[in-house]
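Undergrad: Sending over a structure as structure tokens; questions will come in a sec.
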Amino acid sequence: MVATDAAITATSSPLPEIVARIDAGDFSGAQTRIDTALAKPGLDAATRADLEFQRERMRRIRLDFTLTADQAKAKLRESIPDLRDDEFARWTASNQLEHLVIDGTPWYFNRSVSNLFRVSPEALARRATPFQRNDGPMENANAYHDEAVADARRSGTSSVAPRRVRVTQGITVDADAVPAGETVRAWIPYPRALPGRQEGIRFASSTPAKHRIAPESTQQRTVYLEQPAVAGKPTTFSISYELTVFGEHHVIDPDKVVAVANRPDLAPYLAQRPPHIVFTDQMRAFSQQVVGDEKNPYRIARKLFEAVDRIPWGGAREYSTITNISDYALHAGHADCGQQTLLLMTLLRMNGIPSRWQSGVVYSDGTYDNLHDWGALYLEPYGWVPMDVTTGQFKGARDPDVEWFYLGGLDAYRLTFNDDYGTDFVPAKQHMRSETVDSQRGEVEWSGGNLYFDQWEYSFEAKVLPMPGARPVSAAH
């Protein structure tokens, strides 16, 4: 339903109304208001950029939602040949088949059909063939988790079970996406140096050879590269490096955990951070339902971790198209790793538990790799400890430290590029970003504007190496 004029014109700024109309699917109305606002004389640069982004957001949404109802039905019938119209209508009405009604016409998310089999047991049971899941090796308890827990118990440290890894990452820009001779600028994500987590980072090479590595302090770290476009040829960038990644495991006694004191250094991690961390009435109601009368911070965190973990994983639309990601995760019926992490971060902060973001890439001893987001929470007296609610709880594990491994621990099969979300690059990007929240695939632009994900591809390859010599001595991160 389109938002009413009375509800969305309470402010003199045109932006809230435009955002509301886009979220409600009134793209034509939003476009009219964007055009009107941009035509006004004396418009400041920041407002112009915000308006232009909302126009771009509509374009990006249309790239994510390309299936008509007939096309979605046809795709679903590949797995459920005897699909009934009432089933399709019911799954649409519940939004288990994710869709948007744009200017009166329903458009289905490109991954709505595959997501359906993750969120609907009924649909899964109707399949003619088994559903093939592409889960990573760390998504089930395995020998690595046993190794990390045993290492922590034996050593008395939280930095455990390391892996040495060689990585090659790349970006390939489509031929003629940029006019010949124009400079293409690329940012490729690069690991942050984290004592006790990521050490011994050694940059090996890049294409082109000239590069600029962002400072260690950069919260979303990258390697910056540039080169001219050549007519008829893709523009390619790549970097190679090695590092040692440690797992992390904290042995937490809930009875020792106390509420944090009033500390200025932790205040930012307890605060709302619009647009994606907002303490809405519905968020408060959900929190109260889950937490009840519990007062112990660790036990509150465990209750919230379990609740968010119960949300089914589903492939996500682009984050830049979502107005409030934590609210989306609360209501969509499914969520991916970054959406679950932002939801958990919001709930923790509402309950007086500091939380922050981390993200990067997960890899394996084999060929599996994937983009991934997780986070950290602050527990007094243990300090910052990791959390990965998407990998979640290993129910049925014989060892409780393995069952709750990802509430207070992480494996070594991940690279951390980011210790925050939505922060600036070094050097700064001149145009709007393709990914306004995370930084895992990279970013590309030229003087004429940003290059979105439909104009280039990223690549990632990791090879686990033999560990050299003795284990480095490090403080726990």
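The values are calculated or read from the model by the stated rules, or taken from the named source; none is laboratory data. Predicted, not measured: the structure shown is a model, and the values here were computed from it. Cβ placement follows ideal geometry from the backbone for every residue including glycine, while neighbour counts extend to all protein chains displayed. Protein only, heavy atoms only, side chains kept; ligands, DNA and RNA dropped before computing areas. Shrake-Rupley method; radii C 1.70, N 1.55, O 1.52, S 1.80 Å.
Undergrad: Quick check: at a probe of 1.4 Å, how many percent of the accessible area of the chain sits on carbon and sulfur atoms? Present the calculation step by step, with values, prior to reporting the outcome.
TA: Working: 10750 of 20860 Å².
Carbon plus sulfur share of accessible area: 52 percent.
Undergrad: Return the loop-located GluC sites (Glu not before Pro) in segment 207-310 (DSSP other than H, G, I, E, B) with at most 12 other Cβ atoms within 10 Å of their own Cβ; answer none if there are none. Could the numbers behind the result be given before it?
TA: On the way: sites: Glu216, Glu226, Glu242, Glu248, Glu294, Glu306; in loops: Glu216, Glu294.
Those that pass, being in a loop and sparsely packed, are Glu216.
Undergrad: Here's another thing I want to ask about it. Once you order the gyration tensor axes a ≥ b ≥ c over the Cα atoms, which shape class does segment 240-315 get: rounded for a/c under 1.5, otherwise prolate or oblate by comparing a/b with b/c?
TA: On the way: a/c = 1.43, a/b = 1.25, b/c = 1.14.
Rounded shape, in that the Cα axes give a/c under 1.5.
Undergrad: For segment 115-243, rounded, prolate or oblate, judged on the Cα gyration tensor with a ≥ b ≥ c (square roots of eigenvalues), a/c < 1.5 rounded, else prolate if a/b > b/c? If you can, show how the numbers build up before the last one.
TA: Values: a/c = 3.22, a/b = 1.24, b/c = 2.60.
Note, shape of segment 115-243 comes out oblate.
Undergrad: Determine the per residue accessible area of the chain with all protein chains present and a 1.4 angstrom probe, expressed in square angstrom. Intermediate results must be reported in sequence, preceding the final value.
TA: On the way: 20860 Å² over 477 residues.
In whole numbers, the chain has 44 Å² accessible per residue.
Undergrad: Would you work out the charge dipole size for segment 95-163 about its Cα centre, treating the Cβ of every Lys and Arg as +1 and the Cβ of every Asp and Glu as -1, and quote it to the nearest 20 debye? Write out the running numbers ahead of the final one.
TA: On the way: 8 positive and 8 negative charges, 29 e Å.
About 140 debye.
Undergrad: Per DSSP helix of 4 or more residues, -39500 (n - 2.57); summed, then divided by the residues of the chain. What does that give at 222 nm, rounded to the nearest 500?
TA: Details: 14 runs with 139 residues, N = 477.
Helices in the chain give a 222 nm mean residue ellipticity of -8500 deg cm²/dmol.
Undergrad: Another question, then. Magnitude of the Cβ-charge dipole of the chain, K/R +1 and D/E -1, about the Cα centre, nearest 20 debye? Present the calculation step by step, with values, prior to reporting the outcome.
TA: Details: 52 positive and 62 negative charges, 109 e Å.
Computed charge dipole of the chain: roughly 520 debye.
Undergrad: How about segment 181-221: which trypsin sites (Lys or Arg not before Pro) there lie in a loop by DSSP and see at most 12 other Cβ atoms within 10 Å? Write down the numbers at each step before the final one.
TA: Working: sites: Arg185, Arg192, Arg197, Arg202, Lys210, Arg212, Arg221; in loops: Arg192, Arg197, Lys210, Arg221.
Listed in order of number, the matching sites are Lys210.
Undergrad: In terms of modelled amide H atoms, which long-range or inter-chain residues lie less than 5 Å from the amide H of Gln227?
TA: Amide H neighbours of Gln227, under 5 Å, 5+ apart: Val184.
Undergrad: Give the distance, in whole Å, between the Cα centre of segment 422-438 and the Cα centre of segment 30-61.
TA: Here the answer is 19 Å between Cα centres.
Undergrad: Then there is this: Starting from a Cα-only point model with no solvent, please compute log10 I(q)/I(0) by Debye for segment 311-431 at q = 0.10, 0.12, 0.18 1/Å.
TA: Once normalised to I(0) and log-transformed, intensities are -0.34, -0.49, -1.08.
Undergrad: What is the Cα centroid distance between segment 354-416 and segment 121-174, reported in whole angstrom?
TA: Spelled out, the Cα-based centre of one part sits 10 Å from the other.
Undergrad: Now a separate question. Need one word for segment 12-63: rounded, prolate or oblate. Basis is the Cα gyration tensor (sqrt eigenvalues a ≥ b ≥ c); a/c below 1.5 gives rounded, then a/b vs b/c decides. Don't skip to the answer; put the middle values down first.
TA: Working: a/c = 2.04, a/b = 1.59, b/c = 1.28.
Because a/c hits 1.5 or more and a/b exceeds b/c, segment 12-63 counts as prolate.
Undergrad: DSSP loop trypsin sites (Lys or Arg not before Pro) in segment 235-311 with at most 13 other Cβ atoms within 10 Å of their Cβ, which ones?
TA: Working: sites: Lys256, Arg284, Lys295, Arg299, Arg302, Lys303, Arg310; in loops: Lys295, Arg310.
Taking segment 235-311 and a limit of 13 other Cβ atoms within 10 Å, the loop trypsin sites (Lys or Arg not before Pro) found are Lys295, Arg310.
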